[in-house]
1. Mind listing just one residue for me: the one in the stretch 114-135 that is part of a helix (DSSP H, G or I) and over 15 Å from the mean Cα position of the chain (by Cα) and, of those, surrounded by the fewest Cβ atoms within 10 Å (Cβ to Cβ)?
2. Yes or no: the stretch 170-179 includes at least one residue that is over 30 Å from residue 59 (Cα atoms), more than 20 Å from the chain's Cα centre (by Cα) and free of Cβ contacts under 8 Å to residues at least 12 places away in the same chain.
3. Can you name every residue in the stretch 55-73 that is within 18 Å of the chain's Cα centre (by Cα) and assigned to a loop (DSSP other than H, G, I, E, B)?
4. Report yes if some residue within the stretch 45-65 is without any contact (Cβ under 8 Å) to a residue 24 or more places away in the chain and over 30 Å from residue 138 (Cα atoms); otherwise report no.
5. Failed condition for residue 64, given (1) at positive phi; (2) modelled with pLDDT of 95 or more, with all others met?
6. From 45, 14, 56, which residue is closer than 19 Å to residue 103 by Cα and touching a helix residue (DSSP H, G or I) at 6+ places or on another chain (Cβ under 9 Å)?
7. Of the numbered conditions (1) farther than 12 Å from residue 21 by Cβ; (2) touching a helix residue (DSSP H, G or I) at 6+ places or on another chain (Cβ under 9 Å); (3) modelled with pLDDT of 95 or more, residue 191 fails exactly one; give the number of that condition.
8. Answer yes or no as to whether residue 168 is touching a strand residue (DSSP E or B) at 6+ places or on another chain (Cβ under 9 Å), modelled with pLDDT under 95 and in a strand (DSSP E or B).
């Protein structure tokens, strides 16, 4: 799954009052950020299979980022970082930690639906995956449904600040959908390293855009923290 991972980020934004949508975008793709870095350093391994439907990557070795225990460990670590770095009341900090942790782990859950059996339940062993990638149209429809459903919920629970409109959010979603369609039905990446660099670039640009989008919106009925009133 690619852009569909951002569905939970949109959907959970209201539950984390002190965290920007941009950070939730980073959380949603944290496992793939780490995957790309470990691919570039040769720690995890993959290969390009051009004739493979859906994803053209054969992700045959990624125990540190996409195993079940790896995903759980990174989710807990991300939640702890959020707990200690987010300002606000104790309730807001705990909510932020839970939302960040859930957003990180949602990546593994969604991958388990679309990936071929390459997600280890124990390191690199006992791999699972429902292989929806073998049916590109079905996997794409699922991915777009998750993304759009989360975005609609975000749009309903936030509103543009004075002078702004929903146009930027709609354009952002359209761009994410187009990128997803290109990666699914377009030409295969020339190499695994190129795919890793592409992922790092696209995820970072998407997160930066999410920061901008979120700064132009306000959560409906969001309480104002004392420090935000100064």
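The values are calculated or read from the model by the stated rules, or taken from the named source; none is laboratory data. Just so we're clear, the structure is a prediction, and the values are computed from it rather than from any experiment. Note that each Cβ is placed from the backbone with ideal geometry, even for glycine, and that neighbours are counted across all protein chains shown.
1. Within the stretch 114-135, the match that is surrounded by the fewest Cβ atoms within 10 Å (Cβ to Cβ) is 134.
2. So far as the stretch 170-179 goes, no, none of its residues is over 30 Å from residue 59 (Cα atoms), more than 20 Å from the chain's Cα centre (by Cα) and free of Cβ contacts under 8 Å to residues at least 12 places away in the same chain.
3. Correct list: 55, 62, 64, 65, 66, 67.
4. No; the residues of the stretch 45-65 include none that is without any contact (Cβ under 8 Å) to a residue 24 or more places away in the chain and over 30 Å from residue 138 (Cα atoms).
5. (1)
6. 14
7. (2)
8. Considered against the rule, which asks whether it is touching a strand residue (DSSP E or B) at 6+ places or on another chain (Cβ under 9 Å), modelled with pLDDT under 95 and in a strand (DSSP E or B), residue 168 comes out as no.
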